[in-house]
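Written out below as structure tokens is the structure these notes cover.
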Amino acid sequence: MEKNIYITVVEQYDKQLVKSVNEKIEEGYQPYGNVVVAFNEVGVVKSYIQAMMLQDK
């Protein structure tokens with residue numbers, strides 16, 4: 001199975017984002033840029049997003 005070079009990990013909770021990002025690191029991805037926090041219209045956190053790129057082997 002061919003992996004995408006660029007992916008985004010999106011989670012509703014920060015601790016879940018950490019877990020998911022760590023899993024992707026084990027698969028060969030590395031974080032790319034900063035974590036983005038998206039808010040809804042009343043200012044409540046909607047999601048945490050981390051871009052990741054497949055590391056050259």
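Do the sum for the chain: with -39,500 (n - 2.57) for every DSSP H run of n ≥ 4, divided by all residues, what is the mean residue ellipticity at 222 nm, to the nearest 500 deg cm²/dmol? -7000 deg cm²/dmol, from helical runs alone.
Pairs of Cα atoms under 8 Å, at least six residues apart: use those to get the relative contact order of the chain, whole percent.
45 percent
Only protein atoms count toward the accessible area here, which uses a 1.4 Å probe; on the chain, the carbon and sulfur part of that area reaches 52 percent. If you run the Gaussian network model on the chain, springs between alpha carbon atoms under 10 Å, then out of V36, V21, V44 the most flexible one is V44.
Solvent-accessible surface of the chain, taken per residue with a 1.4 Å probe and all protein chains present: 81 Å².
Cross-link reach is defined here as a Cα-Cα straight distance under 17 Å, omitting same-chain residues fewer than 8 places apart; for K46 the aspartates and glutamates meeting it are E11, D14. Once the C-beta distance of M1 and N40 is scaled by a Förster radius of 25 Å, the resulting FRET efficiency is 0.10 to the nearest 0.05.
For P(r) over Cα pairs in 5 Å bins from 0, in percent, computed directly from the structure shown, the correct entry in (i) 4, 20, 27, 21, 13, 8, 4, 2, 0; (ii) 4, 16, 14, 13, 11, 8, 8, 7, 7, 8, 4; (iii) 4, 23, 36, 28, 9, 1 is (i).
Helix 14-26 axis versus longest C-alpha principal axis of the chain: approximately 10°, rounded to the nearest ten.
The values are calculated or read from the model by the stated rules, or taken from the named source; none is laboratory data. Only a predicted model underlies this, so the values are computations on that prediction, with no experimental measurement involved. Virtual Cβ from ideal backbone geometry, glycine too; neighbours counted across all protein chains shown. Keep in mind that these areas ignore ligands, DNA and RNA; they rest on the heavy atoms of the full protein, side chains included. Shrake-Rupley method; radii C 1.70, N 1.55, O 1.52, S 1.80 Å.
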